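Every number in this text was worked out from the coordinates using simple rules, so none of it is lab data. Quick caveat, the model's predicted, so the values are computed rather than measured. A quick note on method: Cβ atoms are made from the backbone with ideal geometry, for glycine too, and the neighbour counts reach across all protein chains shown.
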Amino acid sequence: MTPREIVAKAWTITKTVPMLRRWGFAKSFLETMLNAKLLIYQTWFAYSYFILKEPIGFFTMEEVLLEHLPKWLAITIIVLLLLLVAIELIFPHFAKGAIIGLAAKEYKKEEVKGGLVLALYNFFPLFALHEMLVFSGTTTTITWASLSLRYGGAAAMLGVIIIGVLWLASHVLEFFWMFAEEAVVVRKVGVGKSIKRSFKLVVSYLGHVVFLLLLLFFISLRILANILMVVLIPGVVMGVGFLLTTFLPPAVSYGLGALLGMVIIFFASYFFAYLEVFRQTVWTITYIELSKQRELDVIEKPDDEDDDDDGH
């Protein structure tokens with residue numbers, strides 16, 4: 001298949017398989033919520049570090065809740081937030097396994113079912129692949145950089161530079177590992193073998209992959225939209241919260257601001273679901289098609305049958 005045919009087929013699958021979009025919505029919703037919370041906290045830290053010159057501590061947010069809310073309510077909110085963060089960190093890896101597997105089944109004309117099984121059985125290898133490239137996430141990198149500034153002391157800037165280098169290196173590796181997740185889900189291979197297969201496919205069909213990337217350039221709109229939403233949501237939450245404090249108690253004001261932020265995330269995630277499923281389906285189909293091609297370093301396979309016929 002040509003890159004254009006792959007893109008067209010991926011978009012058709014995205015539009016016609018509701019189960020894929022449901023998994024994509026859940027993944028996008030939780031990822032956007034996590035990014036929004038991290039950015040709110042990092043914005044607060046940046047303001048305290050660069051403007052006030054008194055950087056906040058790691059548990060300042062919890063201390064503020066305990067100071068301004070009844071103890072039982074503050075503890076409840078903190079526990080729920082921690083539980084939600086754990087879900088936001090873990091669930092996207094479940095969802096990715098389901099999305100890749102269901103898209104592959106639809107493309108191969110198989111019955112599209114078993115999303116939960118695909119999610120569960122592919123979670124650990126997909127999680128391992130993600131953790132190996134943990135610094136490829138911009139929000140995660142910013143969080144680590146802020147921790148270095150907060151607790152690094154005299155070596156804080158050196159820590160930030162090292163984190164920046166790791167971020168760049170992770171993106172380079174991510175390019176060559178772009179088919180590793182598909183190999184794990186579609187071929188059921190281990191982490192090491194999936195990385196090896198991905199690297200070989202990318203190097204073997206570099207022109208094809210780069211052309212497909214250029215053809216899918218508009219997917220960068222998702223990244224831009226995601227950045228805008230992640231920046232917009234904290235701004236809305238904080239702005240509404242400050243505005244409401246002029247005539248409402250602080251707890252009520254920020255609670256309403258947070259609720260408004262969640263509503264925005266909900267509707268944005270519906271749009272992101274289409275783009276997330278479409279992007280992942282493109283690479284799933286590409287992996288399946290490229291895997292059918294003969295490996296370029298294999299000129300002639302050993303003829304075991306001839307050996308057997310000769311009695312060897």
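General observations
- For the range 1-102, chymotrypsin sites (Phe, Trp or Tyr not before Pro) are listed when DSSP marks them as loop and at most 11 other Cβ atoms sit within 10 Å of their Cβ; the list is Phe59.
- Counted residue by residue at 0.36 nm each, then reduced by the alpha carbon distance between them, the extension gain from Lys15 to Tyr270 reaches 90.5 nm.
- As a calculated quantity, the FRET efficiency between Met157 and Val79 at R0 = 41 Å, using C-beta atoms, amounts to about 0.70.
- Full extension of the chain between Leu116 and Val134 yields a length gain of 4.0 nm, computed as 0.36 nm times the residue separation minus the alpha carbon distance.
- Separation of alpha-carbon centers, the range 85-106 and the range 117-158, rounded to whole Å: 18
- Peptides 79-92, 187-200 ranked from most to least packed by the mean count of surrounding Cβ atoms within 10 Å: 187-200, 79-92.
- Residue-span extension gain [Ile90 to Lys292] - 0.36 nm each, minus C-alpha spacing: 69.5 nm
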